[in-house]
Structure formats: structure tokens, C-alpha cells
1. Which length gain, in nm to one decimal place, applies between Ser226 and Leu47 when the Cα-Cα distance is subtracted from 0.36 nm times their residue separation?
2. How tilted is helix 46-55 with respect to the longest principal axis of the chain? Cα atoms for both, answer in degrees (0 to 90, nearest 10).
3. Could you give each residue of the stretch 203-218 its phi-based ³J(HN,Hα) in whole Hz, using Karplus coefficients 6.51, -1.76, 1.60 with θ = phi - 60°, and x for Gly or Pro?
4. Lysine pairs in the chain with Cα distance under 20 Å, only those 8 or more apart or on different chains: how many are there?
5. So, R0 is 25 Å and r is the distance between the beta-carbons of Val145 and Tyr186; what FRET efficiency does that work out to, to 0.05?
6. Take every Cα-Cα distance within the stretch 86-145, group them into 5 Å bins from 0 onward, and report for each bin the whole-number percent of pairs it holds.
7. Which percent of Cα pairs goes in each bin when the distances of the stretch 1-91 are cut into 5 angstrom slices starting at zero?
8. Taking only the alpha-carbon atoms of the stretch 190-247, what semi-axes of the equivalent ellipsoid follow from 5 times the gyration tensor eigenvalues under a square root, in whole Å, largest first?
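Read-outs: derived from the displayed coordinates by stated rules, not from any lab. Quick caveat, the model's predicted, so the values are computed rather than measured. All Cβ positions, even for glycine, are placed from backbone atoms using ideal geometry, and neighbour counts span all protein chains on display.
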Amino acid sequence: MYKSVAIISDIHSNHLALEAVLQDIAARNIELTVNLGDSLFGPVDPLATARVLMDHENIIHVMGNCDEILWQKESPSETFQFVKPLLDQGIENWIRSCNHTWAYEELLFCHGTPWVNDRYLLEEVTAEGVQYKDTIQLANELLEVPQRYIFCGHSHVFQTKYLPGSKVIVNVGSVGLPAYHDELPYPHVRESSSPYADYAIAYRNAQGNWNIEHVMVEYDWEKASSIAQANGREDYAFAIRTGNLVY
């Protein structure tokens, strides 16, 4: 029976942030780590990130939408064109082995939503922008989900929301990319406005329920930013260094 679980997500090839977070998790003696995906898709160091994750024996991996993109043979994405040629068959097989979702007792782990990994759970994107769903809408959407606690990533902005009926949604934020721009389903941005590496911990309390803690870890984001910049991605470099986007 696990009494503590660390949940990480959206590393996006930032191995420096990942290593700092894993050191923090080890220092807290957390029993299990669950990675919610989008691990290698970025211009910092996909291979170093893959090595750290593949060599770690105590991580459960969930499939992110950007992980699935790396299955493709071709993509117009600049990030895909940087990462894909670096991957060998062993890494691609590891990516394909990731879980669609994973559950443990009352805890459900997914990248985007429990059903698809390329949509936000807490947020709704329209032509007018991004807005948070209200708690009643979320509770209705999750009626058929048996678990009480749903952990997600994908939007890179951490938040915990308590729903009518006692379900809890936890977006664990991003380990390695605190801001980004996306074109789908409409052009939008997500920004944490902080360069810290974010993750979450669930601790089982004396009543058998789970306490949730959001953790922000300092690391050498200037170095990570410099690597992204050297690899031709000023957009990633600025986001990693500031938690915001260049406008």
C-alpha cells in the first residue's frame, strides 16, 4: 500500500528540471512517482531526459499527446524535426509502452482527460480564449469516473479543484516548460509566470484520504534556457527562463 505518490508531467526534454525534481522527490522519501507524459518533445536534451526516465525503476509512465506525435514518420512541427532524428528504436519502444491512463485505488492519472490526451480537463479553449470550467460542469463530465482524485497535466499550469460530490482534480503543472503557445483547437497560450519546476505529491492521511501538495523546485533554468537557445529555439528559451511567452 502506497502512502505517498509524486506526480510529474510535461518535462519537454528539460533534463535539468527533471533531475532537480527527482532529487527533491528522493529527499522526501516518496514511494512511487507517476509521470503524466510529454517527456521528450522539446529542444533542451531529449536523449538525456529519456535516459533518466528509462533508467529509473520506480516511475509509472502515462502517454502524453506529444509522445504520440513522436510515433509519426513526418510532421511539420519544428520541435518534432529536432527530436525525431535523435530517437533510436529502444526509445521509441519505451514511448509506445506508456499507459493510456493509470489508476491506483482512488487515484486516476491521465495526461489531458481520462478519455483523450490532447484536451484540457480543467480548461476550455474557444475562439475568445481560455477559461476555466465551472465545478458543476466538471462534476457532470466526471460522473462515470469511479476514482475520487484525478491527476492531469497538459496545460502546464498547476491547480487543485474540489468538485461537488467530493471529487478532486489536480493539475500538477509542468516540470520543464512553464509556458507555451498552441494552435489547437484555437490559438491560445498557457503561462505559469514562474520558471520553477512544478510537480505534486499525494500523501495518505490518518483517515485514509489523500492530502495534496504542490511543489515548486528551483533549478538552473538559465542553463536550460541557454541550451534551448543554442538549439535555435528562443521561444522555449524565454519560456523556460521566465514562465511567460514573448509577445
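1. Result: 62.7 nm gained on full extension.
2. Approximately 40 degrees, to the nearest 10.
3. Whole-Hz 3J(HN,Hα) from phi for the stretch 203-218: 10, 6, 8, 5, 8, x, 8, 10, 8, 10, 10, 8, 10, 10, 10, 7.
4. 4
5. 0.40
6. Going out from 0 Å in 5 Å bins, the stretch 86-145 shows 4, 14, 18, 21, 15, 11, 9, 7, 2, 0 percent.
7. P(r) over the stretch 1-91, rounded to whole percents: 3, 13, 25, 25, 16, 9, 5, 2, 1.
8. 33, 11, 7
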